[in-house]
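Engineer: Below are the structure tokens for one structure; questions will follow.
Please treat every number below as a calculation from the coordinates, not as lab data. Just so you know, these numbers come straight off a predicted model, no measurement behind them. Neighbour counts run over all protein chains shown; Cβ positions are idealised from the backbone, glycine included.
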Amino acid sequence: MNPGRAYPDQTLLIRLVREARPCWPYLLGLLTIGFLTTPLALLTPLPLKIAVDSGLGHRHLPGALRAVTHGAVPSPAAALTIAVVLLLATALLRQLLELADRVVRAHAIERLTLDLRARLFSHVQRLSLSYHDRHGTADSNYRIQKDVPDAQAIVVESLFPSITAALTLFGMIVVTARLDWQLALAALVISPVLFLTNRYYRRRFRVRWREAKNLESSGLAVVQEALAALRVVKAFGQEDWEQRRFVQRSGEGMWARIRLAAVEGRMGVQVGLLAAIGTAVVLFVGMRHVQTGVLTLGELLLIMGYIAQLYDPLKTLSRKTVGLQSKLASAERVFSLLDDMPEVVEKPGARSLARSRGHVEFDRVTFGYGDGRWALEGVSFEIPPGARVGIAGPTGAGKTTLVNLLLRFYDPSQGAIRLDGMDLREARLVDLRRQFAMVLQDPILFSTSVSENLAYGRPEASREEIVAAARAANAHEFILALPQGYDTLVGDRGMMLSGGERQRISLARAFLKDAPILILDEPTSSVDLGTEALIMEALERLTRGRTTLMIAHRLSTLSLCDIRLELERGRVVALADAAHGTITA
């Protein structure tokens, strides 16, 4: 699990605004809707003032509304009619604006979320394998699926509404001050206290939300790990153990959220009491002013309506500190992942690489995975173009590491690996990996059709080319026997097929890619003898004319090889060819 970096609020908000640039038309639309909402908020309490002062008290209509009655005092019925019409018109306009706000807001959030998810997914795929070795994939998955929507909601649901709320508050304060400046001052007394309360809790919430999200990510890792190895879990009867592990991890996240809820509740009590004190002060002073004739009863009701609207955003803002800090913690996790740089990077001005001849050279290569041990130490050998090399050695000798370095999944700690005389670090990554086709011991298929899996290395391949590759891999007959033939879905990781069938599809994929260098990692270790014979026949065709590195323990598989390379404890202990015997030891 990757705890990530800590960022100040200001840094996160600036980066989120930059991320929102593609959606500026929608954000400006939201801002415009917010500007229109401000005068409607100021009009909301006005019908009540008209009903009380003009309908019951026979006073003039306020401001511009006097033109409706040509400056005369309206009759009680007329005043009530004006109040009702104004109330309904204001409500209708507010509903229409809310509808527009909801549609524009949803479009902006979904667009921003998709864009950032795509960026983050692309970045995660380009991070070095060493990053995923250390942190696993569940945490990255959680950040892409859960943290990104929370982070992108900040600009749309918090930042821009805060701007419009500030304008509304300013308008209410101005109107209240024009009616009675003492009441406006009394209403604002609690604002600094609310601000300080909000600031105090904000710092505490960020740390706790960060902890809660890390724990949730840890719980997701248990689920992902158990489901990925479900056959092993069932075979060993460990469902209950995995359940306990999940409940333990998730329980830690649950208690973290409960603690957050308790702190939020304590903050809510304090904010609610402060707002109640401010309202009580305004009501007390306002009633005294009504009694002394400074204000009318309708004006007091109007001010109390403004005060309610004044305090509601302040209370909501304070109470939403928890949610805001949760979203900021998500943004922190998203940007922390984006700021992690791959360890294997392409050099500026990297050289293009055409189809390789397949001349491979390891020159005093040393490499370790960061655990204090060398997986390879001082390894040197040379493979001529078109040679078939069998790589042997006990478990942990460094066979897979050798292949990982050749594909540049990792870079050597010391020494160099060259392809046709060029250091791999000098080549463009996309060109380099185009030179290789790979067949693994446990072939990996995707949950799509057979034909899409075959064409994974060459998506533009025609159906005729796909069928030809399947024939070459001895896979065409069994594919035709499937329910939909080449269009049959293979299920999750290809589990609707047998191990031998998956292996032959993997071989056909290598045929179709037609790369000059072939890497085979125990290609026949998990199949029966009949299937092994079919695979060996296909391998003989596949390896012909290609530089091949074959990791295998079975002598029948290594019999295809021209050269045998033996590793032990990360060192080359023997290098032999069929014609001359041992040439290095």
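Engineer: Filter the GluC sites (Glu not before Pro) in the range 386-484 to those in DSSP coil with at most 15 other Cβ atoms within 10 Å of their Cβ, and list the result.
Structural biologist: Loop-located and lightly packed - Glu460.
Engineer: Going by alpha carbons, how many degrees (0 to 90, nearest 10) lie between the helix axis of 191-228 and the longest principal axis of the chain?
Structural biologist: Value to nearest ten degrees: 30.
Engineer: Which angle from 0 to 90°, rounded to the nearest 10, does the C-alpha axis of helix 321-338 make with the longest principal axis of the chain?
Structural biologist: Compared with the principal axis, the helix lies near 30 degrees.
Engineer: Quick one: of the DSSP bridges fully inside the chain, what percent are antiparallel, nearest 5?
Structural biologist: Of those bridges, close to 55 percent are antiparallel.
Engineer: Here's something else I'd like to know. Mind checking the angle between helix 9-19 and the chain's longest principal axis? C-alpha axes, 0 to 90 degrees, to the nearest 10.
Structural biologist: The angle comes out at about 70 degrees.
Engineer: Moving on. With viscosity set to 1.567 mPa s and temperature to 4 °C, compute the Stokes-Einstein D of the range 318-409, Rh being the Kirkwood radius across alpha carbon pairs; µm²/s, no decimals.
Structural biologist: Once the numbers are plugged in, D ends up at 73 µm²/s.
Engineer: Radius of gyration and Dmax for the range 9-338's Cα atoms, expressed in Å?
Structural biologist: When restricted to the Cα atoms of the range 9-338, Rg and Dmax are 26.2, 91 Å.
Engineer: Determine, for each peptide in 391-404, 346-359, the mean count of other beta carbons within 10 angstrom over its residues, then list the peptides with the highest first.
Structural biologist: Result, highest mean first: 391-404, 346-359.
Engineer: Treating only the Cα positions of the chain as identical point scatterers, give the base-10 log of I(q)/I(0) from the Debye formula at each q in 0.06, 0.09 Å⁻¹.
Structural biologist: -0.52, -0.86
Engineer: Ranking Ser336, Ser217 by Cβ neighbours within 10 Å, fewest first, what do you get?
Structural biologist: By the 10 Å Cβ count, ascending: Ser336, Ser217.
Engineer: Restricted to Cα positions, what overall size does the range 360-584 have along the principal axes? Three whole-Å values, descending.
Structural biologist: 52, 36, 33
Engineer: Among Lys234/Lys513; Lys399/Lys513; Lys347/Lys513, which pairs are too far apart, with a Cα-Cα distance over 32 Å?
Structural biologist: Correct reply: Lys234/Lys513.
Engineer: Right, another one. Could you calculate the contour length gain from Glu110 to Arg364, that is, 0.36 nm times the residue separation minus the distance between their Cα atoms, to one decimal place in nm?
Structural biologist: Extra length available between Glu110 and Arg364 comes to 86.3 nm.
Engineer: Suppose only helical runs count, i.e. DSSP H with n ≥ 4. What mean residue ellipticity at 222 nm does that imply for the chain under -39500 (n - 2.57) per run, divided by all residues and rounded to the nearest 500 deg cm²/dmol?
Structural biologist: Mean residue ellipticity at 222 nm (helix-derived): -19000 deg cm²/dmol.
Engineer: Taking the Cα centre of the chain as the origin, how large is its charge dipole in debye, to the nearest 20, when only Lys and Arg (+1) and Asp and Glu (-1) carry charge on their Cβ atoms?
Structural biologist: Computed charge dipole of the chain: roughly 1920 debye.
Engineer: If I model a spin label as a point 7 Å beyond the Cα along the Cα-Cβ vector, how far apart are those points for Glu540 and Arg199 in nm?
Structural biologist: 8.2 nm
Engineer: Something else now. Show me the chymotrypsin sites (Phe, Trp or Tyr not before Pro) within the range 432-538 that DSSP assigns to loop and that have at most 15 other Cβ atoms within 10 Å of their Cβ.
Structural biologist: Phe446
Engineer: Apply 1/(1 + (r/R0)^6) to the Cβ-Cβ distance of Phe35 and Ala177, taking R0 = 25 Å, and write down the FRET efficiency to the nearest 0.05.
Structural biologist: 0.75
Engineer: Per 0.36 nm of contour for each residue apart, how much would the distance between Asp431 and Arg126 grow if the chain were fully extended, relative to their Cα-Cα spacing?
Structural biologist: Contour length minus the Cα-Cα distance gives 108.3 nm.
Engineer: If the reach is capped at under 13 angstrom between alpha carbons, list the aspartates and glutamates near Lys213, excluding any in the same chain fewer than eight residues apart.
Structural biologist: Asp139, Asp147, Asp150, Glu252, Glu332
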